[in-house]
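The values are calculated or read from the model by the stated rules, or taken from the named source; none is laboratory data. Computed from a predicted structure; not experimentally measured. Cβ placement follows ideal geometry from the backbone for every residue including glycine, while neighbour counts extend to all protein chains displayed. Note: accessible area is taken over every heavy atom of the protein model, side chains too, but ligands, DNA and RNA are not part of it. Shrake-Rupley method; radii C 1.70, N 1.55, O 1.52, S 1.80 Å.
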Amino acid sequence: TRSTDVLIIGAGLAAMATALSLPEHLQIDMLCKGNVHECASAWAQGGIAAVLDPADSIEVHVNDTLIAGAHINNKDAVRDILAQAPAAIAWLIEQGVAFDLQDDGSTLHLTREGGHSQRRIAHVKDRTGLAVHEALLRACRARTHIRIHESHAAIQLLHSQTDSASTCFGAWVRLPDGRVTTW
């Protein structure tokens, strides 16, 4: 049996961003069923949309998103998510993502893609997912409280049930040698 403060199952962008966002006094273990580089996150090519140009606005971005979603998206949820995008880009830069810059190096190079009416796509050439994955992986590996365990497959979540709630307290994990343990 192993123990930790936080067990994260997966090692893609969401998992690494979660690990990096948690307090450093917590011991964090991330389980990766294969090699940490074998994830869909690294295959994302385009970029990340955010209102970063003063000529653009959240409302225009919301409208573009609603149109692209055939107006079946939840407008309030769309607005809330898009409002957080500039801060998310700033956080990724702090973690070491080297987004492409304008030729003079003064600002991010923004492109216009898909249903966007404005230039708002921050990118790293056409390998944005890989660049973000590599930067977050470097940041995770630089933190002593985050441990990444490759070839560790979670096979079942462990939880307790009360009348009012279910609480996950761990997982059965297949280790690289085939043994199974609780974590």
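Picking from L66, P86, Q102, whose Cα lies most toward the positive end of the charge dipole for region 32-131 (charges on Cβ: Lys, Arg +1; Asp, Glu -1)? Going by the charge dipole, the pick is L66. Near V124, the amide H atoms lying under 5 Å from its own belong to D100; only residues 5 or more places off or on other chains count, and H is placed 1.01 Å from N. Note on the chain: helix-only mean residue ellipticity at 222 nm, from DSSP H runs of 4+ residues weighted -39500 (n - 2.57) and normalised by residue number, equals -9500 deg cm²/dmol. Just the protein heavy atoms count here, and of the accessible area of region 14-79 at 1.4 Å, carbon and sulfur take up 58 percent.
Shown is the FRET efficiency for W172 and A90, computed with R0 = 35 Å from the Cβ-Cβ distance and rounded to the nearest 0.05: 0.35. Each Lys and Arg contributes +1 and each Asp and Glu -1, all at the Cβ; summed about the Cα centre of the chain, the dipole is approximately 560 debye. Cβ-Cβ distance of R141 and Q45, R₀ of 30 Å, FRET efficiency by 1/(1 + (r/R0)^6): the value works out to about 0.80. Translational diffusion of region 52-183, estimated by Stokes-Einstein from the Kirkwood radius over alpha carbon pairs at 20 °C in a medium of 1.002 mPa s, is 115 µm² per second.
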